[in-house]
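Worksheet for the structure shown next.
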Amino acid sequence: MLNIDVQLCGLVILSVLAYFLFRSETTGLHSRAMYKVALIDNLICVVLDILSIFAIVYDNILPRLVTVISCKLYLVSLVSVCLCSLLYSCTDIPRVYQDRRIKTAATILAVAVVLAIAVLPVYWYHSGLEVYSFGPAVSCAFIAAPLYIAAMIVVTVLFGQQINPRRRIAIWAWLVVEIVAISLQFLNRELLLVSFSTAVGMMIIFIEIENPEAEKDPITDAFAYHILREFVRQYFEDGVPFSGIIICTGENWNVDRQQEREILVSMTEYLKSFKGAKVFRGMSNDFAIVFELGKVMEHYEEIEARFKQPWMGIYNIPTSLFVVPDSRVAGDSDDVTAFYTRYRERIAAGDSITVIVDEMEGRKMRAYKEVSLEVLNAMAEDRLEVFYQPIYSTKLKRFVSAEALARIRNTDGSIMLPETFIPLAEENGYIDEIGARVFEKVCMMMSETSMKELGLEYIEVNLSVGQCENRELSDKFIRIMEENKTDPGNINLEITESYAITQRKVLIENMNRLKEKGCSFSLDDFGNGESNLNYIVDMPVDIVKFDRGMVNDYFNNERAKLIMDSVILMIQKMNLRIVAEGVEEKEQLDTLERIGVDYIQGYYFSKPLPQSEFIDFVRRHAQ
Ligand code: C2E
Ligand code: CA
Ligand code: CA
């Protein structure tokens, strides 16, 4: 009678696993590739186990050589299974996995053991259900196997933190099952458990982490987002360059859930039709497609054109593409995801843009990431400061106000200028928080100093488009003023005309609420190209600030001078006051004063100053 029932069970388990594993397409992660090798190895090992038992039991009718060879082949496959298991447990640890010396040592040991098994004699024994082989060849295999298992234990303990936690747990479960099985078989020679326990171990790993279906996004059958991260990380760690596209669709598709699913599925099918494309579903309704290096340039225009067409014949989905011709422009996998934040607002607003991420874009992206991080740290560590640039009244011949200008104090004490962080904060949404902090600091400054005594009437605070379009702006600012007992009459808010304003209604509502409380408004950067007179008519502003460029043009360009003269007349007729910005010279000041400009701001009087210096400055000039 053959004692192979348990092995047959193992064989069934492994065959089922192999079926599910090889049926699905895979990303090509090292761990998955190694798992496939290990599974095939295990299958061969179980088959050889069964064959060797067969050959031992029927040694009376089979030639002796057949039994010797089957026993030895089984021993060889056992060693190779142990080697594969060790390599599999290292796949998450780049330092170990990429270290050729470790791989070579493990393989040399395996080859030496195989050679020893080949030349050394093997004997066998069977009686009833008890079947086993012994002798020097067997001893070799049974010395090597525990060595590999010990190495696995060492690796998973030493580098445990680097191994995917689910994989780590699965490997440990596998080890426990294996060790228990070996011990039981040792105690009871009739229980041939080892092959079966290995199959169970492979099943645990499959269920826990290597099931290819778990890599898939259930709706679209594209690879899931978490796999993208792992995949890209592996490419970067291996130094394998690739190309790819990130496809971002606006957040609001205006379709119901069922339609959304159908569109996502047809997008995925379309993207998968490109040869060699690995399609990942990104966050929300975005996709990432990874190609071989350079390949993306052959396809992106076609993809761009397709996404401009309606889906399922009727649904137009605004889509932005980020084309990465060579992954080396990014420093690491996180750089790639920085896109999501960088262009978030524009994409959410439904813009369809195509960005080719070349060397320069890559550099900008990295700088963007660094500055974003720096801004976050500065906010957390309260390193956002407010400088004040004095504003001079030509009528009263003294300083009556100042513009509050944000600065970030770097950790080394140097200053980061707003041109570095404000545009970025506008893009990624930090501006709300920065703006509120600046406003709060201005209110605190006013509660600490006596504005009246200094002759100051109000402080001008900049507002970005993003802040103005936030419905909560007025409530938030009113609360901050109340908390600091600020007189709203001491606050003047600067707004800028911009094509970027899409929520004009919200802006006006915010302005009206704050005006009701007593705040006044300035129109900033007038004359820099984007502003026009209509805007002054439409907006409830009190002051118009002439941009530095326009002020300069007045002195250098005859036509500009004529236009400005008449604009000044009109503004004065509307009972609005004028600030000229960027005044650097005495002659400029004199002329501007003569033509009726109410306020002067510029380096001629002072650069923006830290709070205490500003107060000293005003105090000195007030006397
Ligand atoms: P802005 O509102 O037009 O501010 C005036 C800018 O011109 C300031 O630059 C100021 O230092 C500079 N300036 C003033 N006088 C002269 C001059 O005589 N010559 C020259 N060459 N420049 C002069 P700064 O402080 O670097 O600010 C740049 C921009 O950053 C500001 O332009 C404003 O748009 C933005 N910003 C600054 N602080 C804030 C803030 O708290 N919130 C928001 N939303 N934006 C801010
Ligand atoms: Ca301003
Ligand atoms: Ca300005």
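Which order do the peptides 38-48, 15-25 take when ranked by the mean count of other beta-carbon atoms within 10 Å per residue, highest first?
The packing order, highest mean first, is 38-48, 15-25.
Write down the percent of antiparallel bridges among all DSSP beta bridges whose residues are both part of the chain, to the nearest 5.
60 percent
Taking square-rooted eigenvalues a ≥ b ≥ c of the alpha carbon gyration tensor, is the range 1-121 rounded, prolate or oblate, where a/c under 1.5 means rounded and, failing that, a/b exceeding b/c means prolate?
Judged from the Cα gyration tensor, the range 1-121 comes out oblate (a/c at least 1.5, b/c at or above a/b).
Give me a comma-separated list of calculated 3J(HN,Hα) values for the range 310-318, in order, Karplus coefficients 6.51, -1.76, 1.60 applied at θ = phi - 60°, integers in Hz, x for any Gly or Pro.
3J(HN,Hα) across the range 310-318, in whole Hz: x, 8, 6, x, 10, 8, 8, 10, x.
How do 245-258, 456-469, 565-578, 424-437 rank on mean C-beta neighbours within 10 Å, highest first?
456-469, 424-437, 245-258, 565-578
Just to confirm the number: angle between the C-alpha axis of helix 225-238 and the first principal axis of the chain, 0 to 90 degrees, nearest 10?
The angle comes out near 80 degrees.
Which residues' amide hydrogens lie under 5 Å from the amide hydrogen of residue 497, considering only partners 5 or more residues apart or on another chain, with H built in the peptide plane?
524
Reachable lysines from residue 103, Cα under 21 Å, same-chain residues fewer than 8 places away excluded?
Leaving aside lysines fewer than 8 places away in the same chain, those within reach of residue 103 are 36.
Ignoring ligands, DNA and RNA, what accessible area per residue does the chain give at 1.4 Å, in Å²?
That works out to 48 Å² for each residue.
Students often forget the sequence filter, so: which lysines lie under 29 Å Cα-Cα from residue 308 once same-chain residues fewer than 8 apart are removed?
216, 272, 275, 278, 295, 364
Amide H to amide H under 5 Å from residue 394: which residues, 5+ apart in sequence or cross-chain, H placed 1.01 Å off N in plane?
599, 600
5 Å is the cut-off here: which amide hydrogens, built 1.01 Å from N in the peptide plane, fall below it relative to residue 324, excluding neighbours closer than 5 in sequence?
For residue 324, the qualifying residues are 244, 245, 246, 357.
What ³J(HN,Hα) values, in whole Hz, does the Karplus curve 6.51 cos²θ - 1.76 cosθ + 1.60 give for the range 75-91 when θ = phi - 60°, with x put for Gly and Pro?
Here the 3J(HN,Hα) series is 4, 4, 5, 4, 5, 5, 4, 5, 4, 4, 4, 5, 4, 4, 5, 8, 4 Hz.
In whole percent, what relative contact order does the chain give with Cα contacts below 8 Å and a gap of six or more residues?
Contact order relative to length: 9 percent.
Quick one: 3J(HN,Hα) in Hz for the range 282-291, Karplus 6.51/-1.76/1.60 with θ = phi - 60°, rounded, Gly and Pro as x.
So the Karplus estimates, Gly and Pro as x, are x, 5, 6, 9, 9, 10, 10, 10, 10, 10 Hz.
List the lysines whose alpha-carbon lies under 23 Å from that of residue 561, not counting same-chain residues fewer than 8 positions away?
Hits, sequence-local ones excluded: 395, 545, 573, 586.
Within the accessible area of the chain, what % is carbon and sulfur when the probe is 1.4 Å and the other protein chains stay in place?
That share works out to 57 percent.
To test your reading of the geometry: what angle, between 0 and 90 degrees and rounded to tens, separates the Cα axis of helix 418-428 from the longest principal axis of the chain?
Relative to the chain, helix 418-428 is tipped by roughly 60 degrees.
I'd like to know which of 569, 347, 580 lies farthest towards the positive end of the charge dipole of the chain, counting +1 on Cβ of Lys and Arg and -1 on Cβ of Asp and Glu.
Highest projection toward the positive end goes to 347.
To the nearest 20 debye, what charge dipole does the range 77-201 have about its Cα centre, counting +1 at the Cβ of each Lys and Arg and -1 at the Cβ of each Asp and Glu?
480 debye
The values are calculated or read from the model by the stated rules, or taken from the named source; none is laboratory data. Here the structure is a predicted model, which means the values were calculated and not measured. Counting neighbours? That spans all protein chains shown, and the Cβs are built from the backbone with ideal geometry, glycine included. Side chains are part of the model used for accessible areas, which takes the heavy atoms of the whole protein and leaves out ligands, DNA and RNA. Shrake-Rupley method; radii C 1.70, N 1.55, O 1.52, S 1.80 Å.
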